[in-house]
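Shown next, in structure tokens, is the structure this report addresses.
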Amino acid sequence: MFEVSKKQKNMAFIVFGVYFFLLIWLILFKFQIDISKMDTIRSINVIPFHYANEIGMNFHFKEIIYNVLVFVPLGVYIHFFKPRWTFILKMLFGLCISFIFESFQYIFAMGASDITDIIDNTLGGILGILLAKILEKIYKEKSITIVNVIGLIIEVTALAMITVLFITNA
């Protein structure tokens, strides 16, 4: 294992912090600014990959992909922040974060809690851990810099898009 510079580690914490804020805002608050306008949904599905037929399978397939993708950065950063943790421990951490989000959605009636989301999110975390391992093997100590730059580009783009949406819908 190589040593990461303090500057890169600090940048990683900042990029991860913005990512985690956006993740909370997405999963729990559905990008709402006014909490009083949020739908109050309290439902739970404990049957994996069980969907209502009226929505259509194309929608569900996209939702699975989005749920996986949104948790990839969590896996990447878990890998870099906790290099001494085993793969299983990193995976379980991602699972626990997903379970906490789904539990909060149910407890506070902020969305439908679904075992499929937990499975998808955990898979995203696993893919993130594997991606970080691959980056480490290829780029060694530069891997965290690459992750930070990519994360920063994605976050700036996402924040710009969200800003445009809020301005146009105001």
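Numbers at a glance
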quantity: Residues of region 94-115 satisfying the condition of being open to solvent by 20 Å² or more (accessible area, probe 1.4 Å) and either in contact (Cβ under 8 Å) with a residue 24 or more places away in the chain or small (G, A, S) (or both); calculated: L95, I97, S103, F104, Y106, F108, M110, A112, D114, I115
quantity: Residue within region 106-120 that is out of contact with any Asp or Glu (no Cβ under 9 Å at 6 or more places or on another chain) and polar (S, T, N, Q) present; calculated: no
quantity: Candidate set from region 122-153 (those that are surrounded by 20 or more Cβ atoms within 10 Å (Cβ to Cβ) and of a type in the set (S, T, Y)); member that is farthest from F80 (Cα to Cα); calculated: T122
quantity: Residues located in region 154-170, provided they are open to solvent by less than 50 Å² (accessible area, probe 1.4 Å) and hydrophobic (A, V, I, L, M, F, W, C); calculated: A158, I162
quantity: First in region 10-38 and at pLDDT 90 or above, second anywhere and open to solvent by less than 70 Å² (accessible area, probe 1.4 Å) and of a type in the set (D, E, K, R), Cβ under 9 Å, 6 or more apart; calculated: V15/E155; V18/E155; Y19/E155; L22/E155; I27/E102; I27/D117
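The values are calculated or read from the model by the stated rules, or taken from the named source; none is laboratory data. Note that the structure is a prediction, hence the values are computed from the model and not measured. Don't worry about glycine lacking a Cβ; one is built from the backbone with ideal geometry, like all the others, and counts go over all protein chains shown. Ligands, DNA and RNA are stripped out before the accessible areas are found, and what is left, the full protein with its side chains, is counted by its heavy atoms. Shrake-Rupley method; radii C 1.70, N 1.55, O 1.52, S 1.80 Å.
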